[in-house]
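Written out below as structure tokens is the structure these notes cover.
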């Protein structure tokens, strides 16, 4: 594997405890922000001390882990806090498809964090005069125009119908098909504007930014803290109703839906099967609960485990990705169908996004409800799980519901 690496011979890292810095996003000085925030806590970063761009390949997680271990092993690290997210941290995102050459890890020069009443600042290399000065307020993207991505709405419905035919014929059990949509702005799109709007509207989601991919995902793929693991499986979705009574009726239909329960079961079983060989203990709920967000409701299962060895969070990612929640089952057959029907490369959409520190701890979500930013253009993504009972018109409506999070972030 040929890796594109930018890194000094040796990192010099210093972490210090600081007073509460206030809103973490307000401290980001550049539009090219790095962020992982939930309920106002998490970490943000800026600048690049080291960077790894990975080509496609089934071994991209292992290659990333090796590079980071070597980089951090030679670093001089002064970290009296020794907590998840302190010391040197790499923000990253991996391509959904192993054939996609779009995976990246970035170790920022400055990392600002807050969790459980503690705040810290990590600096790599020379310290600036005032790294925590409040940044100038970013400019909103202005007026937007919209255009179709790879497929128009009718063409995507036809792709869904084709997938249903293949599933009913017994070729596979489930496939997740995604759409893309383009927004064109009059001003360059600043990731910090979107981060502010997403974090305020979806505080229970993981608001993220890495190498131009910005979003707010409800799905925690994996969290590693020492020897413990946590994951949140989401599959089965309905749009929010017009009020409490409508919400309750929609939630009841979601729980009673054979299609959605089957879709959720596929995802939960795969996570269990992937994590079981890595864990001394593993708990997977027998039935899902309801996760309610401002725009949609999901069937959700919280999974917990304890590792049976010294494995980095990247090792666990390699075992988990892609889950049936974003690909389908069987995985190889679903990936082939996605390549055939979607007409696009997803890039890092629906791939793992998050961070890893020098101890192998980290939090990674699935890059959902997101957009890839490039100048004045944003490419939005939304996907739906297709099973034998799927209706193309209903799946299109679900995809449109999932677009709304990023449409809101862009339009304000």
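Readers should treat all values here as calculations from the given coordinates under stated rules, not as data from a laboratory. What you see is a predicted model; the values in this text were computed from it and never measured. Cβ placement follows ideal geometry from the backbone for every residue including glycine, while neighbour counts extend to all protein chains displayed.
In Å, what Kirkwood hydrodynamic radius results for the stretch 151-265 from the alpha-carbon pair distances?
Values: mean 1/r = 0.0558 Å⁻¹.
Across the stretch 151-265, the inverse of the average 1/r is 17.9 Å.
For the peptides 175-188, 385-398, what is the packing order when you average, over each peptide's residues, the other Cβ atoms within 10 Å and list the highest mean first?
On the way: 175-188: 20.9, 385-398: 18.9.
Highest-to-lowest ranking by the protection proxy: 175-188, 385-398.
Full-extension gain between residue 391 and residue 6, please, as 0.36 nm times their residue separation minus the C-alpha to C-alpha distance. Display every interim value, and only then the final one.
On the way: separation 385, 0.36 × 385 = 138.60 nm, distance 4.74 nm.
Once the chain is fully extended between residue 391 and residue 6, it gains 133.9 nm.
Quote the FRET efficiency, to the nearest 0.05, computed for residue 280 versus residue 132 with a Förster distance R0 of 30 Å and r equal to the Cβ-Cβ distance. Provide the component values of the computation, followed by the final result.
Working: r = 42 Å, r/R0 = 1.39.
That pair, residue 280 with residue 132, gives E of 0.10.
Would you kindly state how much longer the chain becomes between residue 187 and residue 51 on full extension, computed as 0.36 nm times their sequence separation minus their alpha carbon distance, in nm to one decimal? Could the numbers behind the result be given before it?
On the way: separation 136, 0.36 × 136 = 48.96 nm, distance 2.78 nm.
Contour length minus the Cα-Cα distance gives 46.2 nm.
Between residue 246 and residue 374, what length comes free when the chain is fully extended (0.36 nm per residue of separation minus the Cα-Cα distance, one decimal in nm)?
Numbers: separation 128, 0.36 × 128 = 46.08 nm, distance 3.87 nm.
Gain in length upon complete extension: 42.2 nm.
Using the beta-carbon distance between residue 78 and residue 289 and R0 = 45 Å, what value does 1/(1 + (r/R0)^6) give for FRET efficiency, to the nearest 0.05? Mind dumping the intermediate values first?
Numbers: r = 43 Å, r/R0 = 0.95.
Result of the calculation: an efficiency of 0.55.
Please compute, over every Cα-Cα pair in the stretch 277-346, the percentage with a separation greater than 14 angstrom.
Working: 1786 of 2415 pairs.
Across the stretch 277-346, Cα pairs with separations above 14 Å total 74 percent.
Taking every pair of Cα atoms in the stretch 19-110, average 1/r, invert it to obtain the Kirkwood radius, and report Rg/Rh to two decimals. Intermediate values should be presented prior to the final figure.
Details: Rg = 14.6 Å, Rh = 14.7 Å.
My calculation of the ratio gives 0.99.
Helix 153-168 sits at what angle to the longest principal axis of the chain, using alpha carbons and giving 0 to 90 degrees rounded to 10?
70 degrees
Can you give the helix-only mean residue ellipticity at 222 nm for the chain, where every DSSP H stretch with n ≥ 4 adds -39500 (n - 2.57) and the sum goes over all residues, rounded to the nearest 500 deg cm²/dmol?
Numbers: 8 runs with 112 residues, N = 412.
Rounded to the nearest 500, the figure is -9000 deg cm²/dmol.
Quick one: angle between helix 392-411 and the longest Cα principal axis of the chain, in degrees between 0 and 90, rounded to 10, please.
Computed tilt is about 30 degrees.
Need one number: nm distance between label points at residue 30 and residue 152, each 7 Å from Cα along Cα→Cβ, rounded to one decimal.
In this crude spin-label approximation the distance works out to 4.2 nm.
I'm checking a number: the convex hull volume of the Cα atoms of the stretch 239-386, normalised per residue, in Å³. What is it? Please list the in-between numbers first.
On the way: hull volume 21.9 nm³, N = 148.
Cα convex hull per residue, to the nearest whole number: 148 Å³.
Could you grab the relative contact order for the stretch 47-157? Cα pairs under 8 Å, six or more apart, rounded to a whole percent. Display every interim value, and only then the final one.
On the way: 111 pairs, mean separation 30.9, N = 111.
Relative CO of the stretch 47-157 lands at 28 percent.
Rank-order 142-152, 327-337, 76-86 by packing density, defined as the average count of other C-beta atoms within 10 Å over each peptide's residues, highest first.
327-337, 76-86, 142-152
For the stretch 43-175, with equal point scatterers placed on the C-alpha atoms only and solvent neglected, what are the log10 I(q)/I(0) values from the Debye formula at q = 0.14, 0.16 1/Å, to two decimals?
The Debye formula, applied to the Cα set alone, gives -0.89, -0.98.
Express the relative contact order of the chain as a whole percentage, based on alpha carbon pairs under 8 Å and six or more residues apart in sequence. Could the numbers behind the result be given before it?
Details: 985 pairs, mean separation 94.8, N = 412.
For the chain, the relative contact order is 23 percent.
Taking the Cα atoms only, what angle lies between the long axis of helix 60-73 and the longest principal axis of the chain, rounded to 10 degrees?
10 degrees
Most mobile of 271, 353, 284 per a Gaussian network model of the chain (Cα springs, under 10 Å)?
Its mean-square fluctuation being the largest, the pick is 284.
Evaluated at 25 °C with a viscosity of 0.890 mPa s, what Stokes-Einstein diffusion coefficient in µm²/s does the stretch 307-412 have when Rh comes from the Kirkwood expression over alpha-carbon pairs? Don't skip to the answer; put the middle values down first.
Details: Rh = 15.9 Å.
Roughly 154 µm²/s, to the nearest whole number.
Considering the convex hull of the alpha carbon atoms of the stretch 108-177, report its projected area averaged over all viewing directions, in nm², one decimal.
On the way: hull surface 44.5 nm².
It is 11.1 nm².
Given the options 304, 110, 39, which has the most mean-square fluctuation in a GNM of the chain, springs set between C-alpha atoms less than 10 angstrom apart?
Highest fluctuation among the options: 39.
So what is log10(I(q)/I(0)) for the chain at q = 0.07, 0.08, 0.10 1/Å, when the Debye sum runs over its Cα atoms only?
-0.31, -0.41, -0.65
For the pair residue 143/residue 302, report the inter-label distance in nm, with labels modelled 7 Å from Cα in the Cβ direction.
If labels sit at residue 143 and residue 302, their model points lie 4.8 nm apart.
On average, how much area does the Cα convex hull of the stretch 42-94 cover when viewed from any direction, in nm²?
On the way: hull surface 18.0 nm².
Taking a quarter of the hull surface, the average projection is 4.5 nm².
Counting only Cα atoms, I'd like the Rg/Rh figure for the stretch 340-386, Kirkwood definition for Rh.
Details: Rg = 13.7 Å, Rh = 12.7 Å.
We get a ratio of 1.07 for the stretch 340-386.
Can you give the convex hull volume of the alpha carbon atoms of the stretch 143-198 per residue, in Å³? Mind showing how you got there, number by number?
On the way: hull volume 6.2 nm³, N = 56.
Measuring per residue, one finds 111 Å³ for the Cα hull of the stretch 143-198.
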